[in-house]
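Peer 1: The structure follows.
The values are calculated or read from the model by the stated rules, or taken from the named source; none is laboratory data. Computed from a predicted model, the values in this text were never measured in an experiment. No Cβ is skipped: glycine too gets one built from the backbone with ideal geometry, and neighbour counts run over all protein chains shown. Ligands, DNA and RNA are stripped out before the accessible areas are found, and what is left, the full protein with its side chains, is counted by its heavy atoms. Shrake-Rupley method; radii C 1.70, N 1.55, O 1.52, S 1.80 Å.
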Amino acid sequence: MKKLVVLVLVCLSLQGNAQFEKARVQVNGVVCSLCTKAVMKALNKLNFVDQVTVDLKHQQYDLRLKHGVSPDLTDLRKAIEDAGFSIGQLQLFGDFGAGIKESDSSISLNGQTFYLQRSGNNGASSKAMTIVDKHFCSMKTYQQYQKWIEAVGSCEDCFHAII
Amino acid sequence: MKSLVAFLCCFISIPVFAQELFVNSENASIIPARSLTGSLDVHLVGNDRLYARPAQRYVPAIKFGISNRLELRIGGTLSNMHTYQFRGESVSVYGKYRLMSREELHRHFRVAGFLSASFTNAPFHYDEATLHGGKSGMDLGIIATQLINKLALSATISHMQLFDKSRFNDVVYLPTRNFQLINYSFSTGYLLLPTSYRNFKQVNLNLYLELLGQRSLELRKQYLDLAPAIQLIFFSSLKISGSYRFQVEGSMDRMTHESWLISVEKSFLDIWASRVRKQKISH
């Protein structure tokens, strides 16, 4: 009995502390170092970002997120668009997998709701999700999931993701 | 002496730099929001026809990124091209608005509209019209730019109206003057160095070749120029460019058929704070 209580408490605490640890953004339209510098500066200014590292060749920006600060994906998108570019792909990483059951169609994390669709891979990681909302991915990717997004519906602070 | 002076040329154009590069024309990109770019262009002419001596024009300008769709530039010119003495010549404003952008990894296609207005105190000389020092007026146009990895292609077309008092003089009619023109350009640029990006300290070397033309809508006169250019970018924020422009063919009366441009531009990012939504704390 004691072991069962401990297990339940551990599971609850895991869900309570589940949050994003890292974000990976691929930015479209960038071909010069001045442009990359503008994007990096914009991302560094976000108050939920602790550190930004960039793969210049592939235009991938790895953002280490601050503990205890909810990442505002809308501000992330605005920062990149203000620099003059757009998001090609946005992935969020974190230890939130324990809170997701097979039957879950959505989860709430850091005050935001994520509607989920499984990618269908047997070895799909429950530690990474790819956002497929308009302006958070390429147009081609959005069109691939557009019907599902419209069927599920949208709201402020709601996002649609593939895990 | 003339051969030495030949190194000094004046370039009559609108050299403005956006984040993409072109030396003698604009592209369809907008500088980052809340950023500021300061530039100084020096136009040199080996032989100003009117005064039979070299001439020069200095064009200081500041560009503001108002939003991710709109940029504004204000500038002026100081010159001895149309006057015997070197003096303050004109003031101008330029606005560019991004109409459309399609982006993929390492490439994009953009379209922007622009409006330029200028006032000059230079006398009305020559058929050729430029709004930065030469003539007073307005220019309305559209730019389309395609970027594919290291290659940039851009085309511009615009309609220019000149506002000189001789145009509205009901008593004296000057049939040799034109006040309505079409401008067009086709530009190509290539990022030669670095061959692959590793960090922001690498020096960028860009090469350009631009075709620039103007046609009068009232007189049967036009010109077509070719302008090769080279550009270096240091620390991802300081640009230094040099260009030589010469007439390929034309019938317009112009100050010169060849000119030189040297330009320096420095960018400053995030000059003022943006409005962001209030951050939610998770616990």
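Peer 1: Taking the residues in segment A:21-31 that are open to solvent by less than 10 Å² (accessible area, probe 1.4 Å) and not in a strand (DSSP E or B) as candidates, determine which candidate is nearest to the other protein chains (Cβ to nearest Cβ).
Peer 2: The residue in question is A:Gly29.
Peer 1: Follow-up question, since we're still on this one. Out of segment B:245-268, which residues are within 14 Å of chain A (Cβ to nearest Cβ) and surrounded by fewer than 17 Cβ atoms within 10 Å (Cβ to Cβ)?
Peer 2: B:Lys266, B:Phe268
Peer 1: Please specify each residue of segment B:170-215 satisfying the condition of being open to solvent by 70 Å² or more (accessible area, probe 1.4 Å), over 17 Å from B:Asn24 (Cβ atoms) and not hydrophobic (A, V, I, L, M, F, W, C).
Peer 2: Correct list: B:Asp170, B:Tyr173, B:Pro175, B:Thr176, B:Thr195, B:Arg198, B:Lys201, B:Arg215.
Peer 1: Checking B:Glu218 against (1) within 14 Å of chain A (Cβ to nearest Cβ); (2) assigned to a loop (DSSP other than H, G, I, E, B); (3) open to solvent by 40 Å² or more (accessible area, probe 1.4 Å): exactly one of these is not met. Which one?
Peer 2: It fails just one condition, (1).
Peer 1: What is the number of the single condition among (1) open to solvent by less than 40 Å² (accessible area, probe 1.4 Å); (2) outside any loop (DSSP other than H, G, I, E, B) that B:Thr83 does not meet?
Peer 2: Answer for B:Thr83: the failing condition is (2).
Peer 1: Let me ask something else about it. Working only within segment B:40-66, note down all residues that are open to solvent by less than 40 Å² (accessible area, probe 1.4 Å) and within 14 Å of chain A (Cβ to nearest Cβ).
Peer 2: The initial filter retains those residues of segment B:40-66 that are open to solvent by less than 40 Å² (accessible area, probe 1.4 Å), namely B:41-46, B:48, B:55, B:57, B:59, B:61, B:63, B:65.
Once the filter is applied, which keeps residues that are open to solvent by less than 40 Å² (accessible area, probe 1.4 Å) and within 14 Å of chain A (Cβ to nearest Cβ), segment B:40-66 yields B:Lys63, B:Gly65.
Peer 1: Just the residues that are assigned to a strand (DSSP E or B) and in contact (Cβ under 8 Å) with a residue 40 or more places away in the chain, please, taken from segment B:162-185.
Peer 2: Selection gives B:Leu181, B:Asn183, B:Ser185.
Peer 1: Quick one: which residue in A:Gly88, A:Gly84, A:Gly68 is touching a strand residue (DSSP E or B) at 6+ places or on another chain (Cβ under 7 Å), closer than 21 Å to B:Asn68 by Cα, at the interface with another protein chain (Cβ under 8 Å from one of its Cβ atoms) and at pLDDT 80 or above?
Peer 2: Result of the check over A:Gly88, A:Gly84, A:Gly68: A:Gly88.
Peer 1: State which residue is most open to solvent (accessible area, probe 1.4 Å) when the search covers only segment A:113-157 and only residues that are at pLDDT below 90, farther than 14 Å from A:Leu90 by Cα and in a strand (DSSP E or B).
Peer 2: The qualifying residue most open to solvent (accessible area, probe 1.4 Å) is A:Gln117.
Peer 1: Scan B:Ser154, B:Ser166 and give me the residue that is at pLDDT 90 or above, among the polar types (S, T, N, Q) and either farther than 30 Å from A:Val27 by Cβ or surrounded by 13 or more Cβ atoms within 10 Å (Cβ to Cβ) (or both).
Peer 2: Just a single option satisfies the conditions, and that option is B:Ser154.
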